[in-house]
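These notes concern the structure reproduced below.
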Amino acid sequence: MAHALGSQTALVGSPRPVARSSPAVSTATTLARTRAGRALRRPHNWLELGKFCTVGASGYLVNLAVYIALLHGADLHYLAAAACSFLVAVTSNYTWNRLWTFRGRRGHVAYQGLRFLVVSLVALGANLLVLRGLVAAGMGKVPAQALAIILVTPLNFVGNRLWSFGRR
């Protein structure tokens, strides 16, 4: 005679019932079987992420340099300076990501560029919301912009990796 224990059975009189796997183990197993899990195990994807971060670091420096120049040199409002500096940095980032990071994923320059722009505009919206919140909370404008860029980077990478430069 057997009694149900979860989805497994144990014989009556057995010294120990059959144990279920822990939620952490089943979550790890599920992740390993998913597309994301397989992607995490591919060295090429880590190399691509490293390249994206290198391009992003240069864009980060371009963004902050232009932001500081517009904020202090041109006396622009901090949100307008952030939008302008973002557009300069995104142009640089698109060029470098197309030529270097995602070189093997080149599509039509106009279509890819338009998708990159859409992802970048979504990231810009998120950046401006975070920046405004940080400044309203009392953080200085330059450190707030520096942190906002960092916080929005994952959104930007995923959007560009999967859509702008996604395989067709």
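Derivation of every value follows stated rules applied to the coordinates shown; laboratory data play no part. Predicted, not measured: the structure shown is a model, and the values here were computed from it. Here the Cβ is made from the backbone with ideal geometry for all residues, glycine too, and neighbour counts use every protein chain on show.
Put a dot 7 Å past the Cα of residue 45, heading toward its Cβ, do the same for residue 147, and the two dots end up 3.1 nm apart. Scanning residues 5 or more positions from residue 76 or on other chains, those with amide H under 5 Å from its amide H are 71, with H placed 1.01 Å from N in the peptide plane.
Between residue 74 and residue 57, the contour length at 0.36 nm per residue exceeds the Cα-Cα span by 3.7 nm. Modelled this way, with points 7 Å down the Cα-to-C-beta line, the labels at residue 103 and residue 122 are 2.8 nm from one another.
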